[in-house]
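Peer 1: Please find one structure pasted underneath; my questions will follow.
The values are calculated or read from the model by the stated rules, or taken from the named source; none is laboratory data. Everything quoted here is computed from the prediction, not taken from an experiment. Positions of Cβ are backbone-derived with ideal geometry, glycine not excepted, and every protein chain shown enters the neighbour counts. Accessible surface is based on the protein model in full, side chains and every heavy atom, while ligands, DNA and RNA are left aside. Shrake-Rupley method; radii C 1.70, N 1.55, O 1.52, S 1.80 Å.
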Amino acid sequence: MENYIVSARKYRPATFTDVVGQEQVSETLKNALASGKLAQSFLFCGPRGVGKTTCARILAKAINCENPTSDFEPCNECNSCKSFIANTSFNIFELDAASNNSVDDIRNLVDQVRFAPQAGKYKIYILDEVHMLGSAAFNAFLKTLEEPPSYAIFILATTEKHKIIPTILSRCQIFDFKRIADKDIVKQLNRICESEGITAEPSALHVIAQKADGGLRDALSLFDKIVSFAGKNITYQDVIGNLNILDYEYYFKITDFFMVEDASSVLNAFNEIINNGFDGEMFLLGLAEHFRNLLISKDEKTVALLEVADDVKERYHKQATLVNETFLLNALNIINQCDIDYKTSKNKRLHVELALLKICFLNTQIESALSVILGEKKN
(Lines give C-alpha, C1' and ligand atoms only; values in the text may rest on other atoms or scores of the structure.)
Protein backbone atom coordinates (compact mmCIF):
# COMPACT_ATOMS: atom_id res chain seq x y z
CA MET A 1 0.00 0.00 0.00
CA GLU A 2 1.40 3.38 -1.02
CA ASN A 3 1.93 6.15 1.53
CA TYR A 4 -1.02 8.44 0.86
CA ILE A 5 -0.37 12.19 1.20
CA VAL A 6 -3.36 14.51 1.65
CA SER A 7 -3.72 17.28 -0.93
CA ALA A 8 -3.08 20.03 1.64
CA ARG A 9 0.43 18.62 2.16
CA LYS A 10 1.11 17.30 -1.32
CA TYR A 11 0.31 20.64 -2.98
CA ARG A 12 1.64 22.90 -0.24
CA PRO A 13 3.32 25.92 -1.94
CA ALA A 14 7.13 25.84 -2.03
CA THR A 15 7.54 29.44 -3.30
CA PHE A 16 5.73 32.76 -2.85
CA THR A 17 4.44 32.53 -6.44
CA ASP A 18 2.61 29.30 -5.57
CA VAL A 19 0.76 30.87 -2.62
CA VAL A 20 -2.93 31.25 -3.51
CA GLY A 21 -4.86 34.46 -2.84
CA GLN A 22 -2.21 36.35 -0.80
CA GLU A 23 -0.39 38.26 -3.57
CA GLN A 24 -0.03 41.46 -1.54
CA VAL A 25 1.71 39.67 1.34
CA SER A 26 3.95 37.68 -1.02
CA GLU A 27 5.06 40.76 -2.97
CA THR A 28 5.77 42.75 0.20
CA LEU A 29 7.93 39.96 1.64
CA LYS A 30 9.84 39.55 -1.64
CA ASN A 31 10.45 43.31 -1.80
CA ALA A 32 11.78 43.24 1.76
CA LEU A 33 14.16 40.42 0.78
CA ALA A 34 15.25 42.31 -2.34
CA SER A 35 15.97 45.54 -0.43
CA GLY A 36 17.58 43.77 2.52
CA LYS A 37 15.22 45.59 4.89
CA LEU A 38 13.93 42.61 6.86
CA ALA A 39 12.21 43.11 10.18
CA GLN A 40 13.42 40.93 13.04
CA SER A 41 9.89 40.08 14.16
CA PHE A 42 6.91 39.29 11.93
CA LEU A 43 3.32 38.56 12.90
CA PHE A 44 1.11 36.76 10.38
CA CYS A 45 -2.61 37.09 11.23
CA GLY A 46 -5.72 35.72 9.56
CA PRO A 47 -8.31 32.92 9.42
CA ARG A 48 -7.27 29.28 9.45
CA GLY A 49 -6.06 27.62 6.28
CA VAL A 50 -5.17 30.75 4.29
CA GLY A 51 -1.38 30.34 4.12
CA LYS A 52 0.13 31.93 7.25
CA THR A 53 2.40 29.04 8.26
CA THR A 54 3.15 28.26 4.62
CA CYS A 55 4.36 31.83 4.00
CA ALA A 56 6.37 31.70 7.24
CA ARG A 57 8.17 28.58 6.00
CA ILE A 58 8.81 30.03 2.55
CA LEU A 59 10.15 33.25 4.09
CA ALA A 60 12.40 31.25 6.43
CA LYS A 61 13.79 29.30 3.46
CA ALA A 62 14.27 32.44 1.37
CA ILE A 63 16.17 34.27 4.15
CA ASN A 64 18.82 31.54 4.43
CA CYS A 65 18.77 30.41 0.78
CA GLU A 66 22.27 30.21 -0.71
CA ASN A 67 21.12 30.76 -4.31
CA PRO A 68 17.87 32.78 -4.34
CA THR A 69 16.18 33.30 -7.72
CA SER A 70 16.15 36.65 -9.53
CA ASP A 71 12.84 37.57 -7.83
CA PHE A 72 14.09 36.40 -4.41
CA GLU A 73 12.24 33.11 -4.21
CA PRO A 74 13.96 30.20 -2.40
CA CYS A 75 15.77 27.93 -4.87
CA ASN A 76 14.73 24.70 -3.03
CA GLU A 77 17.99 23.17 -4.29
CA CYS A 78 20.76 24.49 -2.02
CA ASN A 79 21.89 22.76 1.19
CA SER A 80 19.94 25.18 3.38
CA CYS A 81 16.66 24.67 1.48
CA LYS A 82 17.11 20.90 1.25
CA SER A 83 17.85 20.55 4.96
CA PHE A 84 14.70 22.52 5.81
CA ILE A 85 12.56 20.46 3.43
CA ALA A 86 13.99 17.28 5.00
CA ASN A 87 13.31 18.61 8.53
CA THR A 88 17.02 18.53 9.42
CA SER A 89 17.80 22.26 9.48
CA PHE A 90 19.74 23.62 12.48
CA ASN A 91 18.87 27.21 11.64
CA ILE A 92 15.08 27.11 11.25
CA PHE A 93 12.96 26.06 14.22
CA GLU A 94 9.21 25.57 14.40
CA LEU A 95 7.34 25.67 17.69
CA ASP A 96 3.64 24.96 18.14
CA ALA A 97 2.64 27.44 20.83
CA ALA A 98 -0.65 25.60 21.37
CA SER A 99 1.16 22.65 22.96
CA ASN A 100 4.34 24.45 24.10
CA ASN A 101 2.84 27.41 25.90
CA SER A 102 4.44 27.28 29.35
CA VAL A 103 7.05 29.66 30.74
CA ASP A 104 9.62 26.84 30.69
CA ASP A 105 9.02 26.23 26.96
CA ILE A 106 9.67 29.89 26.20
CA ARG A 107 12.73 29.98 28.46
CA ASN A 108 14.17 27.03 26.55
CA LEU A 109 13.54 28.94 23.33
CA VAL A 110 15.25 32.04 24.72
CA ASP A 111 18.27 29.93 25.74
CA GLN A 112 18.55 28.62 22.16
CA VAL A 113 18.49 32.16 20.76
CA ARG A 114 21.69 33.02 22.61
CA PHE A 115 23.79 30.80 20.35
CA ALA A 116 24.77 32.08 16.91
CA PRO A 117 24.04 29.87 13.86
CA GLN A 118 26.66 27.27 13.00
CA ALA A 119 26.08 27.75 9.26
CA GLY A 120 24.15 30.40 7.36
CA LYS A 121 23.37 33.97 8.36
CA TYR A 122 20.26 33.66 10.48
CA LYS A 123 18.45 31.52 13.01
CA ILE A 124 14.73 31.71 12.32
CA TYR A 125 12.02 30.81 14.81
CA ILE A 126 8.46 30.13 13.62
CA LEU A 127 5.89 30.19 16.43
CA ASP A 128 2.49 28.91 15.30
CA GLU A 129 -0.75 29.70 17.18
CA VAL A 130 1.18 32.21 19.27
CA HIS A 131 -2.02 33.53 20.89
CA MET A 132 -2.08 30.34 22.97
CA LEU A 133 0.87 31.53 25.07
CA GLY A 134 -0.09 32.50 28.61
CA SER A 135 0.62 35.99 29.98
CA ALA A 136 3.66 34.74 31.92
CA ALA A 137 5.06 33.08 28.77
CA PHE A 138 4.48 36.29 26.78
CA ASN A 139 6.35 38.28 29.42
CA ALA A 140 9.25 35.79 29.36
CA PHE A 141 9.44 36.21 25.58
CA LEU A 142 9.06 39.99 25.54
CA LYS A 143 12.65 41.04 26.26
CA THR A 144 14.09 38.71 23.60
CA LEU A 145 11.56 39.99 21.05
CA GLU A 146 12.39 43.60 21.96
CA GLU A 147 16.18 43.22 21.64
CA PRO A 148 16.92 40.08 19.61
CA PRO A 149 20.46 39.22 18.49
CA SER A 150 21.31 40.40 14.97
CA TYR A 151 21.18 36.82 13.67
CA ALA A 152 17.70 35.97 15.08
CA ILE A 153 14.40 36.44 13.23
CA PHE A 154 11.00 35.57 14.71
CA ILE A 155 7.93 34.76 12.62
CA LEU A 156 4.74 34.50 14.69
CA ALA A 157 1.44 33.20 13.31
CA THR A 158 -2.02 33.46 14.84
CA THR A 159 -5.71 33.17 14.03
CA GLU A 160 -6.66 35.42 16.97
CA LYS A 161 -4.67 38.63 16.87
CA HIS A 162 -6.83 40.26 19.55
CA LYS A 163 -5.52 37.80 22.16
CA ILE A 164 -1.92 38.94 21.77
CA ILE A 165 -0.80 41.58 24.25
CA PRO A 166 -0.12 45.07 22.80
CA THR A 167 3.53 45.05 23.88
CA ILE A 168 4.13 42.04 21.57
CA LEU A 169 2.13 43.59 18.70
CA SER A 170 4.14 46.83 18.89
CA ARG A 171 7.39 44.92 18.35
CA CYS A 172 6.25 43.03 15.23
CA GLN A 173 5.74 43.86 11.57
CA ILE A 174 2.14 42.76 11.12
CA PHE A 175 0.76 41.10 7.97
CA ASP A 176 -2.99 40.50 7.72
CA PHE A 177 -3.92 37.50 5.58
CA LYS A 178 -7.35 37.63 3.94
CA ARG A 179 -9.88 34.92 3.24
CA ILE A 180 -9.24 33.34 -0.14
CA ALA A 181 -11.82 34.15 -2.82
CA ASP A 182 -13.96 31.29 -4.12
CA LYS A 183 -12.68 31.82 -7.67
CA ASP A 184 -9.07 31.39 -6.50
CA ILE A 185 -9.96 28.21 -4.61
CA VAL A 186 -11.73 26.84 -7.70
CA LYS A 187 -8.65 27.61 -9.85
CA GLN A 188 -6.42 25.72 -7.44
CA LEU A 189 -8.83 22.76 -7.32
CA ASN A 190 -8.84 22.70 -11.13
CA ARG A 191 -5.03 22.59 -11.16
CA ILE A 192 -5.06 19.65 -8.77
CA CYS A 193 -7.71 17.88 -10.86
CA GLU A 194 -5.51 18.26 -13.96
CA SER A 195 -2.48 16.99 -12.08
CA GLU A 196 -4.34 13.98 -10.65
CA GLY A 197 -6.28 13.13 -13.82
CA ILE A 198 -9.65 13.93 -12.19
CA THR A 199 -12.67 15.34 -14.03
CA ALA A 200 -14.98 17.58 -12.01
CA GLU A 201 -18.10 19.56 -12.84
CA PRO A 202 -17.52 23.33 -12.38
CA SER A 203 -20.56 23.61 -10.11
CA ALA A 204 -19.14 20.82 -7.89
CA LEU A 205 -15.88 22.72 -7.33
CA HIS A 206 -17.76 25.96 -6.66
CA VAL A 207 -19.81 24.27 -3.94
CA ILE A 208 -16.61 22.95 -2.30
CA ALA A 209 -15.13 26.48 -2.40
CA GLN A 210 -18.26 28.00 -0.85
CA LYS A 211 -18.37 25.36 1.88
CA ALA A 212 -14.70 26.05 2.73
CA ASP A 213 -15.57 29.68 3.56
CA GLY A 214 -12.29 31.21 2.40
CA GLY A 215 -9.95 28.53 3.74
CA LEU A 216 -7.95 26.68 1.09
CA ARG A 217 -6.85 23.97 3.50
CA ASP A 218 -10.50 23.25 4.36
CA ALA A 219 -11.33 23.15 0.64
CA LEU A 220 -8.56 20.61 0.00
CA SER A 221 -9.76 18.44 2.89
CA LEU A 222 -13.30 18.49 1.49
CA PHE A 223 -11.91 17.74 -1.98
CA ASP A 224 -10.04 14.68 -0.67
CA LYS A 225 -13.22 13.46 0.99
CA ILE A 226 -15.19 13.74 -2.25
CA VAL A 227 -12.44 12.01 -4.25
CA SER A 228 -12.48 9.12 -1.76
CA PHE A 229 -16.18 8.65 -2.52
CA ALA A 230 -16.47 9.57 -6.20
CA GLY A 231 -13.08 8.55 -7.56
CA LYS A 232 -11.84 10.24 -10.73
CA ASN A 233 -15.19 11.72 -11.78
CA ILE A 234 -16.71 14.32 -9.43
CA THR A 235 -20.27 15.53 -10.01
CA TYR A 236 -22.37 18.19 -8.34
CA GLN A 237 -24.60 15.49 -6.85
CA ASP A 238 -21.57 13.76 -5.29
CA VAL A 239 -20.62 16.98 -3.52
CA ILE A 240 -24.02 17.95 -2.14
CA GLY A 241 -24.67 14.35 -1.06
CA ASN A 242 -21.40 14.03 0.86
CA LEU A 243 -21.19 17.53 2.33
CA ASN A 244 -24.81 17.66 3.48
CA ILE A 245 -25.66 20.66 1.30
CA LEU A 246 -29.17 21.51 0.19
CA ASP A 247 -29.50 21.34 -3.60
CA TYR A 248 -29.99 24.80 -5.15
CA GLU A 249 -32.67 23.23 -7.38
CA TYR A 250 -35.05 23.44 -4.43
CA TYR A 251 -34.56 27.20 -4.14
CA PHE A 252 -35.13 27.82 -7.84
CA LYS A 253 -38.25 25.64 -7.72
CA ILE A 254 -39.67 27.24 -4.56
CA THR A 255 -39.08 30.74 -5.97
CA ASP A 256 -41.09 29.75 -9.07
CA PHE A 257 -43.90 28.60 -6.73
CA PHE A 258 -43.76 31.96 -4.92
CA MET A 259 -44.23 33.80 -8.21
CA VAL A 260 -47.51 32.01 -8.93
CA GLU A 261 -48.60 31.97 -5.24
CA ASP A 262 -48.72 28.17 -5.17
CA ALA A 263 -48.72 27.76 -1.38
CA SER A 264 -49.39 24.01 -1.36
CA SER A 265 -46.37 23.29 -3.61
CA VAL A 266 -44.16 25.49 -1.40
CA LEU A 267 -45.20 23.59 1.74
CA ASN A 268 -44.76 20.22 0.01
CA ALA A 269 -41.27 21.19 -1.15
CA PHE A 270 -40.36 22.27 2.40
CA ASN A 271 -41.74 18.97 3.73
CA GLU A 272 -39.51 17.07 1.28
CA ILE A 273 -36.49 19.07 2.49
CA ILE A 274 -37.28 18.24 6.14
CA ASN A 275 -37.73 14.56 5.28
CA ASN A 276 -34.29 14.57 3.61
CA GLY A 277 -32.72 15.43 6.96
CA PHE A 278 -32.21 19.20 6.68
CA ASP A 279 -33.39 21.49 9.46
CA GLY A 280 -35.45 24.64 9.04
CA GLU A 281 -32.64 27.02 9.93
CA MET A 282 -30.33 25.62 7.25
CA PHE A 283 -33.15 25.98 4.72
CA LEU A 284 -33.80 29.60 5.77
CA LEU A 285 -30.14 30.55 5.38
CA GLY A 286 -30.04 28.94 1.94
CA LEU A 287 -33.24 30.70 0.84
CA ALA A 288 -31.87 34.05 2.02
CA GLU A 289 -28.68 33.42 0.04
CA HIS A 290 -30.76 32.54 -3.02
CA PHE A 291 -32.79 35.77 -2.80
CA ARG A 292 -29.59 37.75 -2.25
CA ASN A 293 -28.12 36.19 -5.41
CA LEU A 294 -31.26 37.06 -7.36
CA LEU A 295 -31.08 40.65 -6.11
CA ILE A 296 -27.46 41.17 -7.21
CA SER A 297 -28.17 39.41 -10.52
CA LYS A 298 -30.57 42.18 -11.48
CA ASP A 299 -27.80 44.79 -11.82
CA GLU A 300 -24.76 44.48 -14.10
CA LYS A 301 -22.70 46.45 -11.56
CA THR A 302 -23.24 43.84 -8.82
CA VAL A 303 -23.44 40.62 -10.85
CA ALA A 304 -19.67 40.15 -10.32
CA LEU A 305 -20.47 39.47 -6.63
CA LEU A 306 -22.17 36.23 -7.68
CA GLU A 307 -19.71 33.42 -6.88
CA VAL A 308 -21.24 30.43 -8.64
CA ALA A 309 -20.50 28.38 -11.74
CA ASP A 310 -21.33 29.98 -15.11
CA ASP A 311 -24.30 27.69 -15.81
CA VAL A 312 -25.84 28.50 -12.41
CA LYS A 313 -25.12 32.20 -12.94
CA GLU A 314 -27.18 32.07 -16.12
CA ARG A 315 -30.08 30.50 -14.23
CA TYR A 316 -29.94 33.26 -11.61
CA HIS A 317 -29.94 35.90 -14.33
CA LYS A 318 -32.97 34.28 -15.99
CA GLN A 319 -35.01 33.96 -12.80
CA ALA A 320 -34.03 37.47 -11.66
CA THR A 321 -35.89 38.92 -14.65
CA LEU A 322 -39.12 37.37 -13.33
CA VAL A 323 -38.80 38.70 -9.76
CA ASN A 324 -38.99 42.37 -8.75
CA GLU A 325 -36.75 44.07 -6.19
CA THR A 326 -39.63 44.96 -3.85
CA PHE A 327 -40.60 41.29 -3.49
CA LEU A 328 -37.00 40.25 -2.82
CA LEU A 329 -36.35 42.93 -0.21
CA ASN A 330 -39.58 42.20 1.65
CA ALA A 331 -38.94 38.45 1.46
CA LEU A 332 -35.44 38.91 2.88
CA ASN A 333 -36.89 40.92 5.78
CA ILE A 334 -39.36 38.12 6.54
CA ILE A 335 -36.60 35.48 6.41
CA ASN A 336 -34.32 37.59 8.60
CA GLN A 337 -36.99 38.02 11.26
CA CYS A 338 -37.86 34.32 11.08
CA ASP A 339 -34.19 33.45 11.58
CA ILE A 340 -33.90 35.77 14.59
CA ASP A 341 -36.93 34.16 16.28
CA TYR A 342 -36.15 30.59 15.17
CA LYS A 343 -34.25 29.43 18.26
CA THR A 344 -36.90 30.64 20.71
CA SER A 345 -39.82 29.20 18.73
CA LYS A 346 -41.60 26.22 20.34
CA ASN A 347 -42.89 24.88 17.01
CA LYS A 348 -39.98 25.50 14.65
CA ARG A 349 -41.54 23.83 11.62
CA LEU A 350 -44.73 25.90 11.87
CA HIS A 351 -42.59 29.00 12.42
CA VAL A 352 -40.83 28.48 9.07
CA GLU A 353 -44.05 27.49 7.28
CA LEU A 354 -45.72 30.74 8.38
CA ALA A 355 -42.79 32.71 6.98
CA LEU A 356 -43.04 30.82 3.68
CA LEU A 357 -46.78 31.56 3.45
CA LYS A 358 -46.14 35.27 4.09
CA ILE A 359 -43.57 35.29 1.27
CA CYS A 360 -45.93 33.33 -0.99
CA PHE A 361 -48.59 36.06 -0.88
CA LEU A 362 -46.21 39.02 -0.82
CA ASN A 363 -46.97 40.11 -4.38
CA THR A 364 -50.69 40.34 -3.62
CA GLN A 365 -49.97 42.42 -0.50
CA ILE A 366 -47.65 44.71 -2.44
CA GLU A 367 -50.25 45.23 -5.17
CA SER A 368 -52.97 45.95 -2.57
CA ALA A 369 -50.74 48.47 -0.82
CA LEU A 370 -49.98 50.19 -4.13
CA SER A 371 -53.69 50.31 -4.99
CA VAL A 372 -54.48 51.99 -1.66
CA ILE A 373 -51.67 54.52 -2.13
CA LEU A 374 -52.73 55.33 -5.71
CA GLY A 375 -56.37 55.61 -4.62
CA GLU A 376 -55.48 58.06 -1.87
CA LYS A 377 -53.49 60.19 -4.32
CA LYS A 378 -56.47 60.40 -6.74
CA ASN A 379 -58.75 61.50 -3.91
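Peer 1: Remind me, what semi-axes does the stretch 194-268 give for its equivalent ellipsoid, largest first in whole Å, using sqrt of 5 times each Cα gyration tensor eigenvalue?
Peer 2: Rounded to whole Å, the semi-axes are 31, 13, 10.
Peer 1: Tell me, what ³J(HN,Hα) does each residue in the stretch 336-352 have, in order and in whole Hz, if you take phi through Karplus 6.51 cos²θ - 1.76 cosθ + 1.60 with θ = phi - 60° and put x for Gly and Pro?
Peer 2: Karplus values, whole Hz, x for Gly and Pro: 4, 5, 5, 5, 4, 8, 4, 5, 8, 6, 6, 10, 5, 5, 4, 4, 6.
Peer 1: Grab the alpha carbons of the stretch 216-317, take their convex hull, and tell me the volume per residue in Å³.
Peer 2: 122
Peer 1: List the residues, sorted by chain then number, that are 5 or more residues from Asn76 or on another chain and whose placed amide H is less than 5 Å from its amide H.
Peer 2: Hits under the 5 Å cutoff: none.
Peer 1: What base-10 log of the normalised intensity I(q)/I(0) is obtained for the stretch 120-194 from the Debye formula, alpha carbons as equal point scatterers, at q = 0.11, 0.17, 0.22 Å⁻¹?
Peer 2: -0.43, -0.74, -1.00
Peer 1: Using the Karplus equation 6.51 cos²θ - 1.76 cosθ + 1.60 (θ = phi - 60°), what ³J(HN,Hα) coupling, rounded to whole Hz, does each residue of the stretch 259-272 give in order, writing x for Gly and Pro?
Peer 2: Listing the rounded values in order: 5, 10, 6, 8, 5, 5, 5, 4, 5, 5, 5, 5, 4, 5 Hz.
Peer 1: To continue, here is another question. When the gyration tensor of the stretch 16-144 is built from Cα positions, what are the square roots of 5 times its three eigenvalues, in whole Å, from largest to smallest?
Peer 2: Gyration-tensor ellipsoid for the stretch 16-144: 25, 18, 13 Å.
Peer 1: Can you give me the accessible area per residue for the chain, using a 1.4 Å probe, in Å²?
Peer 2: Result: 53 Å² per residue.
Peer 1: Next up: With Cα extents along the principal axes in Å in mind, check [x] 82, 49, 35; [y] 63, 47, 41; [z] 88, 48, 40 and report the label derived from this structure.
Peer 2: Checked against the structure: label [z].
Peer 1: Further question on the same structure: Using protein chains only and a probe of 1.4 angstrom, how many square angstrom of Ile274 are accessible, to the nearest 10?
Peer 2: That residue has around 50 Å² of solvent-accessible surface.
Peer 1: What full-extension length gain, to one decimal in nm, is calculated for Ile165 and Ala119 as 0.36 nm per residue of separation minus the Cα-Cα distance?
Peer 2: Fully extending the segment from Ile165 to Ala119 adds 13.2 nm.
Peer 1: For a quick check: with amide H placed at 1.01 Å from N, whose amide H comes under 5 Å from Lys123's, ignoring anything fewer than 5 positions away on the same chain?
Peer 2: Result for Lys123 returns Ala152, Ile153.
Peer 1: Lys10 accessible area, nearest 10 Å², 1.4 Å probe?
Peer 2: Accessible surface of Lys10 is approximately 110 Å².
Peer 1: Let me ask something additional. Past the 23 angstrom mark, what percentage of all C-alpha to C-alpha distances in the stretch 104-257 do you count?
Peer 2: More than 23 Å apart: 57 percent of the Cα pairs in the stretch 104-257.
Peer 1: How high is the FRET efficiency between Ser35 and Ser228 when r is their beta carbon distance and R₀ equals 30 Å, given to the nearest 0.05?
Peer 2: 0.05
Peer 1: Something else: Quick one: which of Lys178/Lys313; Lys161/Lys225; Lys211/Lys301; Lys187/Lys298; Lys52/Lys183; Lys253/Lys313 span more than 23 angstrom between C-alpha atoms?
Peer 2: Lys178/Lys313; Lys161/Lys225; Lys211/Lys301; Lys187/Lys298
Peer 1: Just the number, please: carbon plus sulfur as a percent of the accessible area of the chain, 1.4 Å probe, no ligands or DNA/RNA counted.
Peer 2: Its accessible area is 51 percent carbon and sulfur atoms.
Peer 1: Further, regarding this structure: Could you name the lysines whose alpha carbon sits less than 22 Å from that of Lys343, not counting residues in the same chain fewer than 8 places away?
Peer 2: Lys358
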